[in-house]
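The values are calculated or read from the model by the stated rules, or taken from the named source; none is laboratory data. Just so it is clear, the structure is predicted and the values come from calculations on it, not from any experiment. All Cβ positions, even for glycine, are placed from backbone atoms using ideal geometry, and neighbour counts span all protein chains on display. The area values use the complete protein model at the heavy-atom level, side chains included, leaving out ligands, DNA and RNA. Shrake-Rupley method; radii C 1.70, N 1.55, O 1.52, S 1.80 Å.
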Amino acid sequence: MPRSAVPSDLNRVEVAVPRPVPGTYTYEAPRALLRPGETTLPPGTRVRVPFGPGELTGVVLGPGAPAPAAGGQQKKVVLKTVRSRFDDPLPPLPEDLLALAGRLAEATVCPLGLVLKAMLPASAPPGRVLRTATITAEGSARLREPDDRTANRPGGALPRLSEDDRRILTLLAVSRGPVPLVRIRRELELSPGRSFARLEREGFLVTGAERLTPDAASPGDPADQAPSRPPPLTAPQREAAAVLREALAARAFGAFLLDGVTGSGKTEVYFQAIAACLETGRSALLLVPEIALASQQEALLRARFGRGIAVFHSGLGAAERRAAFWRIRRGEARIVLGARSAVLAPIRDLGLVILDEEHDAAYKQDEAPRYHARQAAWFRARAAGAVMVLGSATPSLEAAHAAERKAFTRLRLPHRIAGRALPDVEIVDMRPLLRAYYKDPARDRGRGPLILAPTLETALRETVAAGRQALVLLNRRGYGGRMGCLRCGEIIECRRCGVAFTLHRRGSLAVCHGCGIGMAPPEACPACGGDVLRSEGFGTERVEEVVSRLLPDVPVARFDRDTTRARGSHAQTLDAFREGAIRVLVGTQMIAKGHDFPAVTLVGVVAADGGLGAPDFRAAERTFQLLTQVAGRAGRGEDPGRVVIQTMKPDHYAVSAAARQDYPAFAAVEAEMRRRFRYPPFVRLTSLTVSARSSRKAEEAASALARNIVTPDAPESIEIVGPAPAPGPRPEGSWRWQMLVRAAPTEHPALRRRLRRLLESPALARGLTINDDP
């Protein structure tokens, strides 16, 4: 449309939509949507736009491309119009996050709209007011639960509110505690004499004399107590803290790897850095790999720093997550604690980013956008001139390699605090024990598999008799393993995704760990009709049963995904264990990460080599990290620790190095293996998976994709492994083929550009999933 023909009440904006489509879209925005002082919709604003037959929530990126000049020969284009904008008090995504979204979209070869969607909290349900507001006599407003007067009002509340009323209630809905009226008028640009009488008359607002603060805490909250005093520092802690303090004072980008053995006091170094960051007037972000660790760190942070802390992770309810998002966006929280997604939070004036347990695989996102929190933190810290700290007792080979190349400054904590020793580790070779167990003709076949070696049984009895606690790790949940037929060898698999069923609830339920569907175990083989079915292996549910039978009068609990699905269950179980109400805790890798239990003197590991056979080039590294980390839970108090590792592969370098707590020895062997076979960190790896309705079509599509990647003009270092059938679960009616693409680090950007061009081809992009750094 020629510029002269553009209606005066419209202007063009560029919008990213949350769909797997390349590029962005230009829309006409009615000027009626603008607020006073605006000439166009600000970047970062959420809008509702027509898309296909329906509507989507998109994000404004900036002004749209201008219309062609009058008299041109271009075909006239009729643009669609923005339907509405969200009543956010301010754009939810500031400019630095929009820039970060662009970097992540490029790095992960992901549509920008999907990255922006991951940055935003879920919108509140339209058309309902879940709570009403109270204006206090001190001149502020807060939300309260509805009473009969409001909850039973026929027809609901929102249809009777003006636009300003809705904006007021939206602001209150995302605030924690009361909001001063002065601030309401200022942020919403209301007139100074704006009255709230109608909202009070309608029952949305009532006056009261109660005095509250915006960051009100419940009685007994650690924030109400005097700040805890920092403990005495060891010499290595003082040196590390001094280096970080100097870097923070410079207000420039710096990257550090805090390499400290388990129990060496890395958390205290983090807190020293956070305090130094706050002294500069900037904000700090502390990331942990699991939600279960957030509750422990939150209590410690509030005890040390009081208020001004926001917790942000996917375990929060939708309303809590929105409230935390807006507290962070408004700058009310200067310390943000969270799991992976918190790296995308709208933190103002970021000065410090910490990734605790940086080696953990949980920092990698499994669905689009498939970013790694370490990568996103690097982008944010560089752009903000902030300090980035990676902390681990078992650094990833990528982080260690970066430190060797001087991209990170390595800070070492070589000893445990208070002169405590690392735990004694004993390896139990299960091979002779299992041979004797299964050859014994007098053995009662009803006893099931051999799970606990006599050494670990004795250690458990001695530990509880001494009044101490124990952890037992098996990194496999469920009761039994997969089910198979002894007649024909058929493995009972889920028809929806092809994953073998695992027995749960003491064998009464078969569950697919791919899609979560459950069923009663079949009485006959679906392939041959035979009734000779067996379950191979065992999981944490059965280990819990065996330990409870061994220690009948001792409180035993389990900590895995099956027992922590309910909201708050992570903290409830860990608190009970920390207080001594649970004496033995059986769990998966969730019990191995960063927990500090001073009364734990014994750690037992069952099937320590279970992960070594995984189709993953990081299998040995994951095993070493898991064993080293869980061993580090023992002996963190006054009493020495002991670790018993049961394994079928006692001589494997990952197992033996973990038993010695010898990271340099493991890293040397593993790095040489990676270099020889061209795996990260010496090359960049990208996984490409193609899905189709048949295996043949998936194979053909994958082969066509491979031919379009390795062309005569492709960089020499690019190499394709595959295509081959993809491991893991597959959606019902879908077949997946996968290939790995290797490229030298210097030529990886060229590979990304090539992949982005392929996404623009509908024939090649159909069913394609790209996972950079899988």
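The phi-based Karplus calculation (6.51 cos²θ - 1.76 cosθ + 1.60; θ = phi - 60°) puts the 3J(HN,Hα) values of the stretch 419-435 at x, 6, 8, 5, x, 6, 10, 10, 9, 9, 6, 7, 4, x, 5, 5, 4 Hz, whole numbers, x for Gly and Pro.
Report the FRET efficiency, 1/(1 + (r/R0)^6), for ALA614 and ALA303, where r is their Cβ-Cβ distance and R0 is 41 Å, rounded to 0.05.
Values: r = 40 Å, r/R0 = 0.96.
After rounding, the FRET efficiency stands at 0.55.
Relative protection proxy for 87-94, 468-475, from highest mean packing down: 468-475, 87-94 (other beta-carbon atoms within 10 angstrom). For the listed residue pairs LYS406/LYS649; LYS364/LYS649; LYS80/LYS117, the alpha carbons are over 32 angstrom apart in LYS406/LYS649.
The accessible-area ordering, largest first, of the residues VAL17, VAL243 stands as VAL243, VAL17, per a 1.4 angstrom probe. Computed over the stretch 664-774, the P(r) curve from all C-alpha pair distances, binned at 5 Å from the origin, holds 2, 12, 21, 21, 17, 12, 8, 4, 2, 0 percent per bin.
The charge dipole of the stretch 600-656, taken about its Cα centre with unit charges on the Cβ of Lys, Arg, Asp and Glu (plus for the first two, minus for the last two), comes to roughly 80 debye. Modelled spin-label separation between ALA252 and ILE491, with each label point placed 7 Å from Cα along the Cα-to-Cβ direction: 5.5 nm. Our summary gives the stretch 547-683 a relative contact order of 21 percent, counting only alpha carbon pairs under 8 angstrom and 6 or more residues apart.
Of TRP326, TRP735, TRP378, the residue with the largest accessible area leads and the full order is TRP735, TRP378, TRP326 (1.4 Å probe). Model label points for GLU106 and ASP531, set 7 angstrom from Cα along the Cα-to-Cβ axis, are 6.7 nm apart.
Placing a label point 7 Å from the Cα of ALA318 along the Cα-to-Cβ direction, the residues of the stretch 52-66 whose backbone N falls under 19 Å from that point are 55-59.
Taken one residue at a time, the phi angles of the stretch 341-351 give Karplus couplings (6.51, -1.76, 1.60, θ = phi - 60°) of 5, 5, 5, 9, 5, x, 7, 7, 6, 5, x Hz. Gly and Pro are set to x. Between ALA704, PHE624, GLY637, the Cα set farthest toward the positive side of the dipole of the stretch 576-717 (charges on each charged residue's Cβ, about the Cα centre) is that of ALA704.
Taking θ as phi - 60° and the Karplus parameters 6.51, -1.76 and 1.60, the scalar couplings of the stretch 230-240 work out to x, x, x, 9, 6, 4, x, 4, 4, 5, 5 Hz in sequence order, x denoting glycine and proline. Using the Cβ-Cβ distance between GLU523 and ALA704 with R0 set to 51 Å, the FRET efficiency works out to roughly 0.70. Average projection, convex hull of the Cα set of the stretch 363-480: 13.8 square nanometres. So if I take the alpha carbon set of the stretch 394-442, get Rg, then get Rh from the Kirkwood formula, what is the Rg over Rh ratio? Using only Cα positions, Rg/Rh for the stretch 394-442 is 1.36. Given their separation in residues at 0.36 nm each and the Cα-Cα distance between them, GLU404 and PHE86 gain 109.7 nm when the chain is fully extended.
Please compute the length gained on full extension between TYR438 and GLU38, using 0.36 nm multiplied by the number of residues separating them and subtracting their Cα-Cα distance.
Values: separation 400, 0.36 × 400 = 144.00 nm, distance 7.85 nm.
So the chain would gain 136.2 nm between TYR438 and GLU38.
For ALA99 and ASP366, what is the calculated FRET efficiency with R₀ set at 22 Å and r taken between the beta-carbons, to the nearest 0.05? Kindly include the intermediate steps, with their values, before the conclusion.
Details: r = 25 Å, r/R0 = 1.13.
Once the sixth-power term is evaluated, E becomes 0.35.
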